[in-house]
Structures are given as C-alpha cells and as structure tokens.
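See below for the structure under consideration.
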Amino acid sequence: VRPGKPVEGDTNGSLIAVSYEARAEGVKRNDRGRDAVKKCSELRIVQVPVKHGKADLTMYRDASYRVLNKLVASVKENAPSKASAEKIL
C-alpha cells in the first residue's frame, strides 16, 4: 500500500502490508481498506491473488525461496577454504 494513486475497486479487505509513507499517515497492517483511505486519501491499494477466499501468497513464498537459494549458493561459492582459514590462524 503506497500513497500516490487513487484507490480502485473493492477497498474493504484487510491490509497485509503497508509502506512507511502510509504508516506515517496512520495506516496500519490489518486496517480495513476503507478505513485506511480515510487516513490517507492518496492511498493505492493493490489486490494480491486470492484463493479459497483468502490471500494466496504462494508467488511471494516461491520468490523468497528462489532468492534464499541464490544467496546460499553465493555464500557456498565464496566461502574460504579450510586451508585459507588455517593460514589466518
């Protein structure tokens, strides 16, 4: 949720993420959309995918998994070898 663009569509669901800018206007996570717009009239609400009547965060979890895997691979590739660690001691 970010200030800057007008709200479109249904705005009565609960917010699951709020930008720092919107927080500065008093908007909080779990606020209802319509209440949040009253606090911050420039609020932009983005609807996440819905499955079985609830927010479907699968694509965010998958992206997080991919990022973490890349970080782990990078650490493994750049980790010092045992021999170089022994030279430090």
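The values are calculated or read from the model by the stated rules, or taken from the named source; none is laboratory data. Only a predicted model underlies this, so the values are computations on that prediction, with no experimental measurement involved. Ideal geometry is used to build each Cβ from the backbone, glycine not excepted, and the neighbour counts take in all protein chains shown. Heavy atoms of the whole protein, side chains included, go into the accessibility calculation; ligands, DNA and RNA do not. Shrake-Rupley method; radii C 1.70, N 1.55, O 1.52, S 1.80 Å.
Scan segment 56-67 and report the pairs whose first residue is of a type in the set (S, T, N, Q) and whose second residue is open to solvent by less than 60 Å² (accessible area, probe 1.4 Å) and modelled with pLDDT under 90, with Cβ atoms within less than 8 Å and a gap of 6+ or a chain change. Listed by first residue and then by second, the contacts come to Thr58/Pro49.
Just one of (1) hydroxyl-bearing (Ser, Thr, Tyr); (2) at pLDDT below 85; (3) surrounded by fewer than 10 Cβ atoms within 10 Å (Cβ to Cβ) fails for Tyr20. It is (2). State whether one or more residues within segment 55-73 are at pLDDT below 90, part of a loop (DSSP other than H, G, I, E, B) and more than 18 Å from the chain's Cα centre (by Cα). No.
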